[in-house]
Ligand code: NAD
């Protein structure tokens with residue numbers, strides 16, 4: 001998917017064939033074996049990955065995913081998307097991604113900690129504030145980042161807060177980082193609606209995934225006056241035509257971990273949830289959810305890709321033909337890496353900003369990026385995805401040409 005999208009944008013840019021080949025493969029891909037002692041005494045060996053796609057503009061940046069489907073190909077695709085996202089947002093970063101093939105829900109806190117510390121140790125030469133800066137993604141959170149920061153710092157012999165972002169505020173995390181991705185998604189939606197002379201008030205939204213991104217999107221949309229009519233997680237979904245009580249649902253999930261058992265709505269499967277008539281459909285879970293099978297049946301006015309890679313290229317073509325407005329992942333969910341950038345800057349300067357300042361700077365960057373992408377999409381009569389990728393790829397190409405080839 002990542003390569004198909006890249007090739008289509010590269011064709012339209014008439015990208016230099018040398019640059020094209022260089023950008024199609026990662027700069028560096030690391031596979032590591034992670035033996036971990038489990039609580040019952042036996043040793044289990046997990047596979048870990050870290051891929052640096054490009055670092056022409058600065059250290060590479062990208063999340064760490066803990067999920068049973070993690071593999072080298074997926075991590076490499078996610079790393080490529082990070083390159084485009086950082087370039088599009090004007091951040092001085094390249095793209096990276098990491099992951100461990102595991103089911104974090106089945107690991108105890110101690111097992112997770114040992115796994116995280118071993119993973120960090122195995123990739124220690126390849127991360128650092130000037131090299132590559134991990135952050136949370138699916139299945140990881142601020143606690144995992146704290147263990148990564150501590151392991152790296154133990155090896156160095158002093159505290160290095162800038163080695164990861166998305167860590168707790170007490171050890172150099174940034175205010176506003178946890179909700180940053182969700183806040184950026186909502187800023188993009190508001191800007192897209194403003195274009196049409198509309199606002200979020202009364203808009204019906206459907207959100208797939210209720211983790212960091214999905215839960216924050218739902219909370220912020222509801223707070224802005226939208227009606228969140230359905231949400232789901234890996235186990236189940238809940239639907240209420242009158243709008244779900246999101247604060248009550250957040251409280252329920254904080255206690256029960258899953259949406260299952262929430263009484264104020266009807267059950268809906270993940271498959272049916274995507275087909276509900278709504279103004280805003282927001283996939284915020286895993287990739288590959290909108291396919292050529294369900295794309296013809298989608299009943300949303302706007303598709304907002306909070307997740308990475310939720311739409312296959314075949315589905316994309318169908319949505320385009322159906323006139324469904326798509327805000328692509330590299331733009332819609334870029335709020336996370338934007339505030340990660342703010343966190344890194346604060347760590348390097350040892351000077352911390354107020355939450356309001358962070359929110360304002362984030363929203364300004366999101367709106368500016370949205371307008372730039374929309375302007376190119378309008379002038380070239382192309383999709384928002386094509387426009388976003390063209391802007392990003394052009395910037396990386398210019399950087400690589402300016403730097404030249406070594407030796
Ligand atoms: P998370 O682990 O916090 O939450 C993932 C959610 O998806 C959970 O509610 C889980 O139950 C649900 N889920 C898993 N499999 C599912 C399935 N098959 N069907 C429906 N729901 C399912 O992860 P997150 O950090 O919220 O990330 C979600 C997406 O957003 C990912 O695609 C990630 O790459 C992307 N993203 C995250 C960030 C970030 O800052 N965390 C930034 C940019 C993009």
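Taking strands (runs of 3 or more DSSP E) as the structural unit, those lying wholly within the stretch 215-306 and holding at least 1 residues that are under 23 Å from the mean Cα position of the chain (by Cα) and under 30 Å from residue 85 (Cβ atoms) correspond to 227-232, 237-239, 278-283, 300-304.
Conditions (1) exposed (fewer than 15 other Cβ atoms within 10 Å of the Cβ); (2) more than 16 Å from the ligand (Cβ to nearest atom); (3) closer than 24 Å to residue 390 by Cβ, marked per residue:
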position	(1), (2), (3)
251	yes, no, no
285	no, no, no
316	no, yes, yes
325	no, yes, yes
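Look at residue 297 and say whether it is free of Cβ contacts under 8 Å to residues at least 40 places away in the same chain, touching a helix residue (DSSP H, G or I) at 6+ places or on another chain (Cβ under 8 Å) and surrounded by fewer than 19 Cβ atoms within 10 Å (Cβ to Cβ). Considered against the rule, which asks whether it is free of Cβ contacts under 8 Å to residues at least 40 places away in the same chain, touching a helix residue (DSSP H, G or I) at 6+ places or on another chain (Cβ under 8 Å) and surrounded by fewer than 19 Cβ atoms within 10 Å (Cβ to Cβ), residue 297 comes out as no. Per the listing 87, 135, 190, 159, the residue uniquely more than 12 Å from the ligand (Cβ to nearest atom) and touching a residue at least 60 places away in the same chain (Cβ under 8 Å) is 87.
Assessment of the stretch 346-356 against the conditions (in contact (Cβ under 8 Å) with a residue 60 or more places away in the chain, out of contact with any helix residue (DSSP H, G or I) (no Cβ under 6 Å at 6 or more places or on another chain) and within 16 Å of the ligand (Cβ to nearest atom)) yields no matching residue. Kindly establish whether residue 246 is in contact with a helix residue (DSSP H, G or I) (Cβ under 6 Å, 6 or more places away or on another chain), within 16 Å of the ligand (Cβ to nearest atom) and within 27 Å of residue 69 (Cβ to Cβ). No. In the set 202, 225, 211, only one residue is surrounded by fewer than 24 Cβ atoms within 10 Å (Cβ to Cβ) and in contact (Cβ under 8 Å) with a residue 60 or more places away in the chain; that residue is 211. Scanning the stretch 157-183 for residues being assigned to a helix (DSSP H, G or I) and out of contact with any strand residue (DSSP E or B) (no Cβ under 9 Å at 6 or more places or on another chain) gives a total of 8. Before we move on, is residue 343 touching a residue at least 24 places away in the same chain (Cβ under 8 Å) and more than 23 Å from residue 5 (Cβ to Cβ)? Criteria met by residue 343. For the stretch 112-146, the set of residues classified as under 21 Å from residue 76 (Cβ atoms), assigned to a loop (DSSP other than H, G, I, E, B) and touching a helix residue (DSSP H, G or I) at 6+ places or on another chain (Cβ under 7 Å) consists of 127, 139, listed by residue number. Being at positive phi and within 9 Å of the ligand (Cβ to nearest atom) is true of residue 209. Screening residue 343 against (1) closer than 30 Å to residue 161 by Cβ; (2) more than 15 Å from the ligand (Cβ to nearest atom) leaves a single unmet condition, (2). Pairs are defined by a Cβ separation below 7 Å, a sequence spacing of at least 6 or placement on different chains, a first member in the stretch 261-276 that is within 15 Å of residue 289 (Cβ to Cβ) and touching a residue at least 40 places away in the same chain (Cβ under 8 Å), and a second member that is away from the ligand (no atom under 14 Å from the Cβ) and in a loop (DSSP other than H, G, I, E, B); the pairs so defined are 274/298; 276/299. On inspection, residue 270 passes the criterion of being within 21 Å of residue 298 (Cβ to Cβ), touching a strand residue (DSSP E or B) at 6+ places or on another chain (Cβ under 7 Å) and within 11 Å of the ligand (Cβ to nearest atom).
Rule-based calculations on the coordinates, nothing more; no lab input. Fair warning: this is a prediction, and the values are worked out from it, not measured in the lab. FYI the Cβ positions are ideal-geometry reconstructions off the backbone, even for glycines, and counts take in every protein chain you see.
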